[in-house]
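All remarks here apply to the structure that follows.
The values are calculated or read from the model by the stated rules, or taken from the named source; none is laboratory data. In this text the structure is predicted, and so the values were computed from the model without any measurement. Please note: Cβ atoms are built from the backbone with ideal geometry, for glycine as well, and neighbour counts cover all protein chains shown.
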Amino acid sequence: MEILAVISGEYGKRHVENITANGPSSWQVSTWKAPPVFPPFIDDPEDFLPEEFAPADLILSFAEHKGAAELLPDIARLTGAKAVLVAVDDEAWLPRGLDRQLHGWLDAMNIACATPKPLCSLTPSTYGVTRHEQAEYHSPQITEFATYFGKPELKLEIDPEAGVITAVEVQRDAVCGCARAVARDLIGVSVNDAEEKSGLLHHHYPCLASMVKLPHFNHDTLMHVSGQLLKNNVGEQVKPYKTVRQFKPGKYSE
């Protein structure tokens, strides 16, 4: 699969490095760095785009400016892309109104579009829109990408007698590489501490999702939502092995 990643800074650079290092060898990933500054309104997209792009099947937008998002239909046209995936780890990069417009523009061009919020809510068929709302998409290109990168999936091996994690397999990494980094430091961790530890490791990676509180995420932040997705994956697997303690006034019992 031919992939074009649109980036503007370190956020996108880190994502591309992880995809290149850990994605299938059959993927060919190229990058285009968007201009650092855009006017409030873009009258002529050609003023900001090169004359041509290499062909691409999938566009990944990691750009940190809404102006870059406005260029995506023209980039899709120039590359012949069949699908566009836009990372929304900050609503300033793709405000909700522009999100709807972008879907409309690309739908009219018969190009699939997914705008996961946060990016690590992406699965092979859905992505996050609000705290409790998922949207479906239909695109073999995005599905192929989401098989390897998106909503973190770690497979833990646990020693039930010792109550510790002995091995971790990364079945799906976060696009930024966070899940892979967390996996390395979970080996040897007690099942009682693993869920909390995974959240701390996610935060220290560090996650670059926004810390702005959003009303349609129950006034939570995308960084916290991202961390919770990883913690939930770990928590579900260690739950059967955790030691349950009950405390009563004046006495202790297992």
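Of the conditions (1) surrounded by 15 or more Cβ atoms within 10 Å (Cβ to Cβ); (2) more than 26 Å from Ser61 (Cα to Cα); (3) hydroxyl-bearing (Ser, Thr, Tyr), Thr243 satisfies every one except a single condition; which number is it?
(1)
Restricting to region 111-132, count the residues that are without any contact (Cβ under 8 Å) to a residue 24 or more places away in the chain and surrounded by fewer than 17 Cβ atoms within 10 Å (Cβ to Cβ).
2
Show the residue pairs meeting these rules: Cβ distance below 6 Å; 6+ apart or different chains; first residue within region 172-183 and more than 11 Å from Gly227 (Cα to Cα) and modelled with pLDDT of 95 or more; second residue surrounded by fewer than 24 Cβ atoms within 10 Å (Cβ to Cβ) and basic (Lys, Arg).
Asp173/Arg180; Cys176/Arg14
Considering (1) outside the structural domain of His15 (by TED's automatic domain parsing); (2) not in a loop (DSSP other than H, G, I, E, B), say which one Glu161 fails and leave the rest.
With respect to (1) outside the structural domain of His15 (by TED's automatic domain parsing); (2) not in a loop (DSSP other than H, G, I, E, B), Glu161 is out only on (2).
What about Asp89, is it closer than 27 Å to Ser226 by Cα, acidic (Asp, Glu) and in contact (Cβ under 8 Å) with a residue 12 or more places away in the chain?
So Asp89 fits the description; yes.
Give the residue, chosen from Leu71, Leu49, Leu85, Leu102, that is under 24 Å from Gly23 (Cβ atoms) and of a type in the set (A, V, I, L, M, F, W, C).
None of the others qualify; the one that does is Leu85.
Find all pairs meeting these conditions: Cβ atoms under 6 angstrom apart; at least six residues apart or on different chains; first residue within region 198-211 and among the aromatic types (Phe, Trp, Tyr); second residue modelled with pLDDT of 90 or more and buried (at least 20 other Cβ atoms within 10 Å of the Cβ).
Close Cβ pairs (under 6 Å, with a partner that is modelled with pLDDT of 90 or more and buried (at least 20 other Cβ atoms within 10 Å of the Cβ)) amount to Tyr205/Cys178.
Here are some residues: Val182, Val225, Val175. Which one is outside any strand (DSSP E or B) and out of contact with any His (no Cβ under 9 Å at 6 or more places or on another chain)?
Val225
What about Ile142, is it crowded, with 22+ Cβ neighbours inside 10 Å and part of a helix (DSSP H, G or I)?
It is true that Ile142 is crowded, with 22+ Cβ neighbours inside 10 Å and part of a helix (DSSP H, G or I).
Of all residues in region 90-105 being surrounded by 13 or more Cβ atoms within 10 Å (Cβ to Cβ) and aliphatic (A, V, I, L, M), which is farthest from Lys213 (Cα to Cα)?
Leu102
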